[in-house]
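Inspection log for the structure reproduced underneath, given as structure tokens.
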Amino acid sequence: MDGSEESTIVCATAPLLIHKLRNLLNYESEVPIREAIDQLEMISTGLRDAEKIPNDLDINNLSWIEFLKVLQDLEDSTDNFTGEIELQRRNISLKIISPLICLRPQQDRTGLISEKLNLFTTSAKKVFTELENLGPTTGTTSSPLHPIQTRNLDYPVPDDSDFVGLNDKVDEVVKLLCDEETHAIAVTGKTGSGKTFLTKTVYNATEVKRHFDGRAWVNFSEDFESREFLIDILTQLTWDWEFLDENLSYEELKLKLLNFSSNKRCLIVVDDFPTLEYFNRLFDVCGLSSKGIWLMLIGFMQDEELALLEVGACFCHLIRLQSLTDEESWTLFCKKARIAEEEATDLKENILRKCGGSPREILIMEGLLSTTKRPRVIELKIQKGILNLCYHDLSSQMKVCFLYFGLFPRAFEIPVRRLFHLWVAEGLVITLPAEKNMDVAEECLKLLIRRNLIEVTKVRLDGSPKTCRMPTTIWDVFSATAVALGYSHVRNDMNLPMSNIRRVTDYTTGIYPHYYDYMQYLRSYVSFNSRTLESFSKFHDALVNSRGFGLLVVLDLENVHKPAMLSVTLGKLLHLKHLGLRRTFLDSLPRSVGDLPFLETLDVKHTNMTTLPSSIWKAKNLQHLYLNENNFDISFKKAYIRSEIILQTLSGLFVGNKSVVKSYSYTILGLRKLRLTFYSKLAEGIADWISKLKDLQSLKLRSIEEFNRPSTLKLGSLQTHDNLLELYLVGLLTVSNGVTIESLFPPNLKILTLSVSKLEEDPMPILGKLRHLNCLRLFRDSYVGNNMICHAGEFPQLRVLKLWMLENLKTWTMMEGTMPHLRELEIRLCSNLEQAEGLPSMNTLKDVSLINMPDQFVEYVESVLVSAFVKKIKFPFLQPKLTQCPGRCNFNELKIGSA
């Protein structure tokens, strides 16, 4: 890591340290702290100015390594100082001592923080003097560094028309796959030649979807012989629940794959396949001996390996991708670019020369030019390549957010929710006062996606990303920089650093015994393995050490199965901001979780917890709470409630007590996301509470009666909820006096789901007027009428429509001009639906799923939608179990198989 990367660390972490130092002003003398803050703000300003300087003015000669060490020492001292204060506060509270007692740490600790502040100030003055020689600075600034260069970007919408220069290859591969004699194809070419782009186009081609009964796309990893590799394949190939049995052995899973493919055609794509030496093992694992398995490999292999593939008995078909021609390259660039034509023409020669016919580099260059000012790009020299140019054009905080992806395993699909919370907890997106951390995180991801540095792997119903990742070719370049930048240690690396470790990303099982001596300054521990974490007690002792508390900020164990680690000592991690326990299947949390003064995110979704300790409400900084249909009726009564709780996310809550609803309506008013199940007798109180939540962006309400069946759902008008974009309602819809059905739907709604609403009048004329609606799901008994009509001009933005279990529906009429952008249609168990008039005119449809629908209706749809992929599925209908605890049975999504 060179000096420029060290300066990136300083620039990106400065806002977090400034924030911590300002907190110290409440406990310590102001003069040295304010001086340190002023110095740090001046350096931050100088670094921002230095980012505007062309590359030929090198700033690598600054003493960044030395200064960064001083900066981190000051952060360590600040955190220890704050920890001692909180520990004293807790001890005083336990002893019921007068709050007038001075909450100051011991004198030696006060002296140490003063010493660190003086050392920092001296070092900062030296660095600032050197920075002044590079360009003008503006003195001090009170605003933190901002990671976003271009505001209010939209997430890019995938467009098949962007595929340039490889259309003939697409047709060739599709024809080969549909050939019964061809069972293996290799797609190879140089890095960035469009191998994955080509294969995804083939994979999603209508003809391929029709030909194969199941498809699976997996990324290669050296442990591909594991059970997880086969489970990944099987869950994609079929919806049948039996393939999800976690108790099946590796051999049993292989047998299931063989049996499934014995009478079905299955396509398996293995992305990023590195070398031929793995082929025989892959052949065995994927069951290529079965005539029902077709295999596609994507990778860059050496010429001698390609020669073997071409003559091999099992691999007769090899697709070699060549570089795009200049004409094809320019066509691709112009289709994507958002810059003036004359500017693009001026840069044409330079762009074609540097991109060298590589689709990936063309898209990266296009993303850069479309999201930054042209003079800035021209000033930056591109001798180091397009990728480095795009990276160096990012602001320091954007660089850190981008490099954070390198801490995840190669090809790992990261849930966007998880990514945002980690960014915020790590202090990478410190915001301006008027903004929210999650908003800035979203803008940051939008820019990285728009720059084609990060790719979206799964999307939500509204088209926003659900999971994303750093492309493997980019990961290979920047992962080492990411490890160095965060002083992180990846746990599959046996080379231990001989200095304090600040961040650990764990790909393996357990903790190395000789690891503990380096852990006392650890800030972040994130696990990516699904096996039980052992020996956490020793690990925890190393974190806490003799000072009595730990500095850990992030503890993320998502998908780690029942980690043997949580105990009462969890409360000693006083600086913990993020506790991620999703899908750990833990049974309980210790009461000490409420003793974490800085806890911002707690995620216990998909665990075995049915209640949380009442102490959770003492976590005064809690902003995001993901629950597992937990009942808070008792714990809330006993909670130490402030005037208002600052929660932004409250997901998976069950409420059954009227007094609790009243408490919520006075104390929890800043929610942006709410997922709530409640007894119908509380409907009016819930409606009153919802009316006060003007910041809501996502709302899911489920009303049940005492036997856990859907019941009455009463709401007031939501017309003034302009921020509400996603609405999910389960229960018999009723309205208050003076409120109409139309007023239940906010004007800017994008996603709407109704279930058991039992609407008697056709809802389409009302819903069709929602101008921004792009996903509509009408689930079981949401409409109980016989006829449904969609008029011309309605649903102008709708892309996804799902109709489930509308048992009385007989005719559905779509007039010409309705739903002009509909791409996905799913109809399941509408057993009396006989006619779908106007369906042939829906020429934008790409995917149609008909599940447990009458054969006659299926035949009609197949005959009129010749250009769409029509998937017909029949599964046994599974009745819900009515004996579960309140909130646990998902009535609104009755399953057919495990679809």
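The values are calculated or read from the model by the stated rules, or taken from the named source; none is laboratory data. Just so it is clear, the structure is predicted and the values come from calculations on it, not from any experiment. Here the Cβ positions follow ideal geometry from the backbone for every residue, glycine too, while neighbour counts run over all protein chains shown. Side chains are part of the model used for accessible areas, which takes the heavy atoms of the whole protein and leaves out ligands, DNA and RNA. Shrake-Rupley method; radii C 1.70, N 1.55, O 1.52, S 1.80 Å.
The table below gives the values:
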{"quantity": "Leu798 being among the hydrophobic types (A, V, I, L, M, F, W, C) and under 20 Å from Leu676 (Cβ atoms)", "calculated": "no"}
{"quantity": "Ile59 modelled with pLDDT under 75 and among the hydrophobic types (A, V, I, L, M, F, W, C)", "calculated": "yes"}
{"quantity": "Residue within the stretch 63-83 that is among the aromatic types (Phe, Trp, Tyr) and at pLDDT 80 or above present", "calculated": "yes"}
{"quantity": "Cβ pairs under 9 Å, 6+ apart, first in the stretch 213-232 and closer than 27 Å to Glu180 by Cα and basic (Lys, Arg), second modelled with pLDDT of 80 or more and open to solvent by less than 40 Å² (accessible area, probe 1.4 Å)", "calculated": "Arg215/Tyr203; Arg215/Val208; Arg215/Lys209; Arg215/Leu237; Arg215/Cys266; Arg215/Leu267; Arg215/Ile268; Arg215/Val269"}
{"quantity": "Residues within the stretch 765-780 that are more than 16 Å from Arg823 (Cα to Cα) and in contact with a Phe, Trp or Tyr (Cβ under 8 Å, 6 or more places away or on another chain), tallied", "calculated": "7"}
{"quantity": "Hey, Glu859 out of contact with any helix residue (DSSP H, G or I) (no Cβ under 8 Å at 6 or more places or on another chain), in contact (Cβ under 8 Å) with a residue 12 or more places away in the chain and either more than 21 Å from Ala792 (Cβ to Cβ) or surrounded by 14 or more Cβ atoms within 10 Å (Cβ to Cβ) (or both) or not", "calculated": "no"}
{"quantity": "Unmet requirement for Gly367, which otherwise passes all of (1) modelled with pLDDT of 80 or more; (2) open to solvent by 50 Å² or more (accessible area, probe 1.4 Å); (3) of a type in the set (Gly, Ala, Ser)", "calculated": "(2)"}
{"quantity": "Residues (open to solvent by less than 20 Å² (accessible area, probe 1.4 Å) and either more than 24 Å from Asn91 (Cα to Cα) or of a type in the set (D, E, K, R) (or both)) located in the stretch 596-617", "calculated": "Thr601, Leu602, Asp603, Val604, Thr607, Met609"}
{"quantity": "Top-ranked residue in the stretch 822-834 [being open to solvent by less than 10 Å² (accessible area, probe 1.4 Å) and part of a strand (DSSP E or B); ranked as farthest from Ile851 (Cα to Cα)]", "calculated": "Leu825"}
{"quantity": "Tally, over the stretch 698-735, of residues that are under 21 Å from Ile751 (Cβ atoms), open to solvent by less than 40 Å² (accessible area, probe 1.4 Å) and outside any strand (DSSP E or B)", "calculated": "5"}
{"quantity": "The listed residue being in contact with a helix residue (DSSP H, G or I) (Cβ under 9 Å, 6 or more places away or on another chain), more than 26 Å from Ser651 (Cα to Cα) and modelled with pLDDT of 95 or more, out of Leu825, Leu727, Leu752, Leu773", "calculated": "Leu825"}
{"quantity": "Residue within the stretch 662-671 that is open to solvent by 10 Å² or more (accessible area, probe 1.4 Å), part of a helix (DSSP H, G or I) and modelled with pLDDT of 90 or more present", "calculated": "no"}
{"quantity": "So Gln397, is it at pLDDT below 90 and either open to solvent by less than 10 Å² (accessible area, probe 1.4 Å) or closer than 20 Å to Lys577 by Cβ (or both)", "calculated": "yes"}
{"quantity": "Count of residues meeting criterion [among the aliphatic types (A, V, I, L, M) and either open to solvent by 10 Å² or more (accessible area, probe 1.4 Å) or on the phi > 0 side of the Ramachandran plot (or both)] in the stretch 756-768", "calculated": "3"}
{"quantity": "Residue check for Glu629: open to solvent by 10 Å² or more (accessible area, probe 1.4 Å) and at pLDDT below 80", "calculated": "yes"}
{"quantity": "Test: Glu706 is among the acidic types (Asp, Glu) and farther than 28 Å from Leu622 by Cα", "calculated": "yes"}
{"quantity": "Every residue from the stretch 440-471 that is within 16 Å of Leu387 (Cβ to Cβ), open to solvent by 20 Å² or more (accessible area, probe 1.4 Å) and more than 14 Å from the chain's Cα centre (by Cα)", "calculated": "Asn452"}
{"quantity": "Within the stretch 675-686, tally of residues that are crowded, with 20+ Cβ neighbours inside 10 Å and more than 15 Å from Asn657 (Cβ to Cβ)", "calculated": "0"}
{"quantity": "Answer residue from the stretch 736-747, given it is among the hydrophobic types (A, V, I, L, M, F, W, C) and not in a loop (DSSP other than H, G, I, E, B) and is most open to solvent (accessible area, probe 1.4 Å) among those", "calculated": "Ile741"}
{"quantity": "Residues within the stretch 549-591 that are under 22 Å from the mean Cα position of the chain (by Cα), at pLDDT below 85 and β-branched (Val, Ile, Thr), tallied", "calculated": "1"}
{"quantity": "Cβ-Cβ under 7 Å pairs, at least 6 apart or on other chains, the stretch 567-592 side among the β-branched types (Val, Ile, Thr), far side surrounded by fewer than 17 Cβ atoms within 10 Å (Cβ to Cβ)", "calculated": "Val568/Pro590; Thr584/His561; Thr584/Lys562"}
{"quantity": "In the stretch 158-211, residue surrounded by the most Cβ atoms within 10 Å (Cβ to Cβ) [restricted to those that are modelled with pLDDT under 75, under 22 Å from Val866 (Cα atoms) and among the charged types (D, E, K, R)]", "calculated": "Asp160"}
{"quantity": "Single condition Val560 does not satisfy, out of (1) within 17 Å of Tyr525 (Cα to Cα); (2) open to solvent by 10 Å² or more (accessible area, probe 1.4 Å)", "calculated": "(2)"}
{"quantity": "Any hit, the stretch 257-270, residues being small (Gly, Ala, Ser), open to solvent by 20 Å² or more (accessible area, probe 1.4 Å), part of a loop (DSSP other than H, G, I, E, B) and at pLDDT 75 or above", "calculated": "yes"}
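Here is a yes/no grid of residues against (1) closer than 29 Å to Ser691 by Cβ; (2) of a type in the set (S, T, N, Q); (3) part of a loop (DSSP other than H, G, I, E, B); (4) open to solvent by less than 30 Å² (accessible area, probe 1.4 Å):
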| residue | (1), (2), (3), (4) |
| --- | --- |
| Leu754 | yes, no, no, yes |
| Leu776 | yes, no, no, yes |
| Arg780 | yes, no, yes, no |
| Gly793 | no, no, yes, no |
| Pro796 | yes, no, yes, yes |
| Asn808 | no, yes, yes, no |
| Pro820 | no, no, yes, no |
| Ala836 | no, no, no, yes |
